[in-house]
Structures are given as C-alpha cells and as structure tokens.
Amino acid sequence: MLAILGVALVMRVPGLDKRPMHGDEANQAVRSGLLLDQGVYHYDPNDHHGPTLYFAALPFCRVTAASFAETTEWNFRLVPVAFSLLTLLLSAALGLRRNGGLFPNRCGLYVALLLTAVSPAMVYYSRFFIQESLLVAFLTGMLLCAVRYVRAVSLEGGAVAGGTRRWRRADAWAAGFGAFAGLAVATKETVVLSFAAAAVAATAACGVRRLFGAWRTRPALVAAGVAVGVAALLYSSFLTYPRGVYDALFSTVQACFTRATAVPEHQHPWDFYLKILFWFKYGRGPVWSEAGLLPPAALAALIAFWRPLFAWLAPRCKPQADGGPLDGSVTHLRWVRFVVVYTLVLTALYSLIPYKTPWCSLSFLHGFILLAGVGVGGVWEAARNGPRVSRFGVRPAVAALVALLLWRHGAQAVRACHKLPADPRNPYVYAHTGTDAMNLVAEIGRAAQRAEGLDTRVAIAVPTPDTWPLPWYLRAYRNVGYWTRVEEIPESFKPTVLVVAADQGDRADERFGAGKRANFFGIRPGVLLNLFVPQR
C-alpha cells in the first residue's frame, strides 16, 4: 500500500502550479477565498455546487496563507490530491472474497488500486480544484461501509454469542454509511444519479424479496439520520445559515434542470464520455484510451452473472472461524453483481443527460477500474485452480499484460498532466484557460509595476462567464472592478488598466483609451479579450 500511495503521489503532486487555472477552478477558489477571509459561506444553488469543497480547502490554505491574496495553486489543488489518496485507502479496505468482500484475491485488489493510481483521467482531475475527487471518495466510502455492514450483520446471524456487540458494530458501519452519504450530498447534486444507480444495482444483485427480508429499521434510521445531519450541517454553514438547507431542498432541482437543458455549449451527444475515456484522437494528436479496462471488467461481469464460471473460479468459502454463518463466495458474488450493474446504469444515466462535462465521468470510471481488478483477480484464481502448467503460463502472461496496461495508462497520465496540460489534443482539457491568458496576466502585472502597484485601478468589462479565471489571478490587487459592459464603468473610477470583451474595444477606446495601447489576448479557445494599458 505504501508503494501504491507513493506511485499515486508521484503521478499527482509534481508541477501542481504549472497548468493555468481553469475557469471552474478559479470560481471555486474565489468562493473558498471569501470563506478564508471573511469566515462566511452561504450556499448558492445557481451555478455552484455543495459546500464540502470549500470547507475542505480551509486547512490546506491556513497552513501557508493568512488571506486569500497569499494563497497559491498548491493550497487548492492539494485538496483533490488528498481525497484521491483517500479513495485509494477506502478502495483497499473493500475486502477479499473469503471475508465477503469485493475482490477475489489480493492480486485483484492491488491491480485495482494501481489502475486507480495511474488512470490518466483520475490523475488529471485529481489535480483540479473541483468536486469530482471528493465525490468519488465519498461514494467509495459508502460502498466500503455497506460491505462492512453486510459482513457485520451476516456474522451476527441473529442469534450467536456476542450479538449485542456485533449489532453495535453494524450500527457503527450504518452511521459511517450515512456520514459518507451526507458528505456526498453536500458535495455535488449529481450524487442523486449515483443513488439511483445504486438502488437499481442492489435490486439486481439481491432481488426485491431478499432486500425486504434483510431490512433492519434501526440501522436504516441511524444511516438516514446521520446523512441528513451531516448534509444539513454543511448546507447551513454549521447552523449559521438555515436558508442553505431550504435552497438545497427546493432550489437546487430547478437550478440543475436549467443547467442541464439550457446551456447549449455544454450539451453533447450520448457517447461523449465513452469517446473521451476509451478512444480519443484530435487531429494529428496522439491516441488516448483506457479501453484496456474493458476486457477484465467484462470478465468480471461474466463471473458475476454466469454461475458455472463463478463456481469454477470461486470454490465455496468456509464459515468464519468465530462461528458466524457468512458465506464469503455468495456475498462476494452479490457485491460484484452490484458494482457491474451500478457502473453500467450510472454510465447510461450520465450519457443520457444532454449536459456533459468530462470530469463527471470519474464516478463511473472508478466502477470500471474496480471491475477490472475483479476480472484480473479471477484470471489469477483460474490459473491457481487449474493444471500446474497453467500457473507457469497464465500468471506470467497476466502479469505482463497488467504491467503493459499500467505503463500505457501511466504514460498517458504524464502526457496529460505535464506535456499537454491545457492543449485541446488532450481529451481531459475542456473549455480550459489558454496559455495566452498568462501573457495577459503578466502584462497587467508589468503595467501595475509602472503605476501604483497593487493599488492600481483595474477595470474588467467582460460577460460573466468569460471573466474567469481573472478574479483568481487578480486576487492580490486592491482596486479591481467587474462589470459586463464598458458603459457600466463609472467615469469616476478612471481605470489605469482596462480589460474588455473583443466587441467592446471601440467603446473602451472612446471612454478610457487616451494614452493607452491595446492588444488582444485569447483567454480560452474562441474567447478574445482586449487589454488597454498605459503607453510605456
């Protein structure tokens, strides 16, 4: 585990400050900065997600910065890095088949962890200050608590010695499930898709009759109570803003519906995610693909739903040493079925929604990675149970193929994060801030040095979506004003530096252009801004 965590850190941490801040990252960072400087956060369902990310960023900022102006990209991007490592730790605890866990053996477990550590999509977005890494961690935590809860209840069996202690243990796992569910709800509204997929998967894995038969009211109330309490605590800003709970319950649905149907620039075909993850090539750029996950994931699905294959690969486990009636093989089978159905249903739900952004794919990509581990573990088990010669033929071949897959994914991750971090040939780059934006920021800095330093008056007259990430890069300036059109800038402001939309250049020149020179900069693909600075 230490080696795997080391690999994950090497893939994620170097050069966190090199890539330009994405507009969404900048937006989240500015809201975190308000919380850092003012100690106040109010949930806003319009174009914003839940509060978890902002509260999680506070300790990372406090370590090196006393104010938002002193923060750097490191303060914010280390947050998703930390939660991506938490995902690895939680995945490692999902357990082995002999204990009723998800993975058939340690081989499958370690392969899943390594694939998570080097997955190009996972690595790239774990360096993004957005909600996805947190959401994946909390969903993994829910799965872990569910696995451990089932184990605790199965060991109890209703009437063995030490039952009271074990039921308390089951209640503790139910509370953990609720805590992770509450955190997930307070992270991003799209978690409802994961909940829907989980409901379908649980029904498919166990059947309606078995689910009703396994119902326990007390653990269910514990889980629901903890989930509601955690979510309400965060949405209400720790009981200081009750309106946040109301907005989360009644305003979020309308905001999400509007976002999903009325933002044409983010509407894409149904196969958008599949192309990005499993086959992408832009012009003469390189090929990107994590399709190597699909064969072992498909094998995991076969193992789960084709009983003869499962019976061959998974000989029936013995009861636990402490006398509990847990049948590890049967429980393991149901968990594999759950993850198979959950992953496929969640992929379908995200694909059917017109509004798509590539980082949303992490929620179901992690399911494919877990299933790939199960599939590789199944082949490894088949070699062990087969003839002696197969151990010397199959296992080296499996090891070689896994090594090749890890190398391929790792090379793509390095390319994505360090060679083409903001290049449109990178499938994970989406509406990203261009490198020319850094030239604009540098030019503003040079003009400010010649004028009044951080007190230089800077006017930004740009439509709101195209303003980002400038508020992040101008966070240290004390006299910055934001408007959407040049006409809105008060005459009394008298900006020394002026940034306007490309179609506002003539009007800006008429009002404030005297003694200034203008130049165009591309802030992102298709968006030009006009910068006016004093003549040298």
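Only the coordinates and a few stated rules stand behind these numbers; no lab work does. In this text, all values refer to a predicted model and were calculated from it rather than measured experimentally. Note: ideal-geometry Cβ built from the backbone for every residue, glycine included; neighbour counts use all protein chains shown.
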Antiparallel %, DSSP beta bridges [both residues in segment 436-534], to 5: 55
Relative contact order [Cα under 8 Å, 6+ residues apart], the chain, whole percent: 19
Pairwise FRET efficiency - Asp47 versus Asp271, Cβ, R0 = 25 Å, nearest 0.05: 0.40
Could you compute the FRET efficiency for Ala172 and Arg284, with r as their C-beta to C-beta distance and R0 at 41 Å, rounded to 0.05? 0.15
Taking only DSSP H segments of four or more residues, each worth -39500 (n - 2.57), what value at 222 nm results for the chain once the sum is divided by all its residues, to the nearest 500 deg cm²/dmol? -18500 deg cm²/dmol
For the chain, list log₁₀ I(q)/I(0) at each q in 0.06, 0.07, 0.09 Å⁻¹, using the Debye formula over Cα point scatterers of equal strength and ignoring solvent, two decimals each. -0.34, -0.45, -0.72
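Rounded, prolate or oblate for segment 169-287? Axes are the square roots of the Cα gyration tensor eigenvalues, ordered a ≥ b ≥ c, and the cut-off for rounded is a/c under 1.5.
oblate
Averaging over all projection directions, find the projected area of the Cα convex hull of segment 11-122 and quote it in nm² with one decimal place.
Its Cα hull, projected and averaged over all orientations, spans 9.0 nm².
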Can you tell me the length gained on complete extension of the stretch Leu294 to Lys18, counting 0.36 nm per residue apart and subtracting the Cα distance? 96.1 nm
Would you order Lys494, Lys516, Lys281, Lys188 from fewest to most other beta-carbon atoms within 10 Å of each residue's own beta-carbon? Lys494, Lys281, Lys516, Lys188
Which lysines does Lys356 reach when only Cα atoms under 28 Å apart count, and residues fewer than 8 places away in its own chain are ignored? Lys18, Lys188, Lys275, Lys281, Lys419
Full extension between Leu528 and Glu510 adds, at 0.36 nm per residue less the Cα distance, a length in nm of 4.5 nm
Segment 69-110 versus segment 475-491: alpha-carbon centroid distance in Å: 43
Arrange the following residues from fewest to most other Cβ atoms within 10 Å of their Cβ: Glu189, Glu70, Glu290. Glu70, Glu189, Glu290
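Can you tell me what share of the DSSP beta bridges in the chain is antiparallel? A percent to the nearest 5 is fine.
Within the chain, antiparallel bridges account for around 60 percent of the total.
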FRET efficiency (Leu34, Tyr246; Cβ distance; R0 22 Å; to 0.05) is 0.55
Nitroxide proxy distance, nm - points 7 Å out along Cα→Cβ at Arg106 and Val10: 2.1
For segment 436-534, rounded, prolate or oblate, judged on the Cα gyration tensor with a ≥ b ≥ c (square roots of eigenvalues), a/c < 1.5 rounded, else prolate if a/b > b/c? rounded
Lysines whose Cα lies under 23 Å from that of Lys516, excluding same-chain neighbours fewer than 8 positions away: Lys494
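Residue separation times 0.36 nm, minus the C-alpha to C-alpha distance between Phe305 and Leu239: what's the value?
Gain in length upon complete extension: 19.0 nm.
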Per-residue Cβ contact counts at 10 Å, fewest first, order Trp270, Trp483, Trp359 as Trp270, Trp483, Trp359
